[in-house]
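Derivation of every value follows stated rules applied to the coordinates shown; laboratory data play no part. Not measured: the values here are computed from a predicted model. All Cβ positions, even for glycine, are placed from backbone atoms using ideal geometry, and neighbour counts span all protein chains on display.
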Amino acid sequence: MPDEAPRLRYSHPLACGDEESVERARRLAEDLGGRRSVRSFSDRPIAAGILEQCITAAGSAPSGANRQPWHFVVVTDPDLKRRIRVAAEAEEQAFYAGRAPEEWLEALAPLGTDADKPFLEHAPALIAVFARRWDHSETGERIKHYYVQESVGIATGMLVAALHLSGLSTLTHTPSPMRFLAEILDRPASDQPFLLLVVGHAAADATVPGIRRKSLPEIATFR
Ligand SMILES: Cc1cc2nc3c(=O)[nH]c(=O)nc-3n(C[C@H](O)[C@H](O)[C@H](O)COP(=O)(O)O)c2cc1C
């Protein structure tokens, strides 16, 4: 049984008065509310250091038993991006041409998505997020992870928020199935593809579907 970790004093690094707190919450809702999934990216490169900082932010997410069961692979190499596009489009063609149930295709219809994924090559970076199902200790024993999906989901949400607040756009992409990602990116058996984030600056002529977000009373109950 490992020793209990030492107790450290903690005070919130951003603590402030109520008025400031309310204003910050309002601003965050407005800033994050301006995020949209973008499927058309410009050639503008991503400034050095942003992805590293955003992934560091994501890595500070809470996780079951503090196992931090995630791994992020940043892909900027054109050849790797092309291979990912080819493999993703093959899966998506099968999906749109018959594998997807009619109900799913109906849900996707307003978004206007199809099997072509040029953004996988055009965007300057792809971040493949992997759920790490186990680790190995220094002595080679398998270390079990807990609440892996929940933990990786939270970390990915923080990553999407961090990228957006840094001025970058993203698309959350989930070609189904995603096993090819582990093969192309040479991941160990512990790493299960979770999703693929397409990252860059939105193209000047980018458009997004006009969709409705649920209102606060629709998504929250206060009692
Ligand atoms: C888990 C998840 C999987 C998604 N998969 C895809 C995808 O494979 N292709 C795609 O074009 N959009 C995908 N999206 C983006 C959604 O279509 C998009 O988030 C939704 O329509 C709301 O639009 P918004 O992100 O602009 O608010 C996915 C989003 C999530 C959260």
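Filter the GluC sites (Glu not before Pro) in the stretch 136-171 down to the DSSP loop ones having no more than 10 other Cβ atoms within 10 Å, then list what survives.
Working: sites: E138, E141, E150; in loops: E138, E141.
Here the GluC sites (Glu not before Pro) that fit, given the DSSP loop and packing criteria, are E138, E141.
Within the stretch 1-92, which GluC sites (Glu not before Pro) sit in a loop by DSSP and count at most 12 neighbouring Cβ atoms inside 10 Å?
On the way: sites: E4, E19, E20, E23, E30, E52, E89, E91, E92; in loops: E4.
Hits after loop and neighbour filter: E4.
In whole Å, what is the distance between the alpha-carbon centres of the stretch 163-201 and the stretch 83-162?
Here the answer is 5 Å between Cα centres.
Using the Karplus curve 6.51 cos²θ - 1.76 cosθ + 1.60 with θ = phi - 60°, work out ³J(HN,Hα) for each residue of the stretch 54-67 in order, rounded to whole Hz, and write x for Gly and Pro.
Along the stretch 54-67, the couplings run 5, 5, 4, 4, 4, x, 8, 5, x, 8, x, 6, 6, 7 Hz.
What's the ranking of 58-65, 195-202, 153-160 by average number of surrounding C-beta atoms within 10 Å, highest first? Intermediate values should be presented prior to the final figure.
Working: 58-65: 15.5, 195-202: 22.0, 153-160: 19.6.
My ranking of the peptides, most packed first, is 195-202, 153-160, 58-65.
So what is the 222 nm mean residue ellipticity for the chain from helices alone, if each DSSP H run of at least 4 adds -39500 (n - 2.57) and you divide by all residues, rounding to the nearest 500 deg cm²/dmol? If you can, show how the numbers build up before the last one.
Details: 8 runs with 81 residues, N = 223.
When only DSSP H runs of four or more count, the value is -10500 deg cm²/dmol.
Please check the chain for the longest run free of chymotrypsin sites (Phe, Trp or Tyr not before Pro) that are loop-located per DSSP (anything but H, G, I, E, B) and have at most 11 other Cβ atoms within 10 Å.
Between the exposed loop sites, the longest stretch runs 11-221.
Would you work out if the chain is rounded, prolate or oblate? Take a ≥ b ≥ c from the square roots of the eigenvalues of the alpha-carbon gyration tensor; rounded if a/c is under 1.5, else prolate when a/b is larger than b/c, oblate otherwise. Don't jump to the answer; show the numbers that get you there.
Values: a/c = 1.61, a/b = 1.14, b/c = 1.40.
Because a/c hits 1.5 or more and a/b fails to exceed b/c, the chain counts as oblate.
Of all beta bridges DSSP finds with both residues in the stretch 35-201, what is the antiparallel percent, to the nearest 5? Please list the in-between numbers first.
Working: 22 of 23 bridges.
Counting DSSP beta bridges with both partners in the stretch 35-201, the antiparallel share is about 95 percent.
Under the rule of at least 5 residues apart or a separate chain, name every residue whose amide H is placed under 5 Å from the amide H of F194.
So F194 has HN proximity to V129, F130, A131.
Please enumerate, by chain and number, the lysines with C-alpha under 24 Å from the C-alpha of K117, excluding those fewer than 8 residues away in the same chain.
Correct list for K117: K81.
With +1 on each Lys and Arg Cβ and -1 on each Asp and Glu Cβ, how big is the dipole of the stretch 35-201 about its Cα centre, in debye rounded to the nearest 20? Working shown, then result.
Values: 17 positive and 20 negative charges, 63 e Å.
Dipole magnitude for the stretch 35-201 comes out near 300 debye.
Within straight cross-link reach of K214, meaning Cα distance under 18 Å, which aspartates and glutamates are found once same-chain residues fewer than 8 apart are removed?
Within the straight-line cut-off, K214 pairs with E30, D31.
What trypsin sites (Lys or Arg not before Pro) in the stretch 1-75 are in a loop by DSSP, with at most 14 other Cβ atoms within 10 Å of the Cβ?
R7, R9, R35
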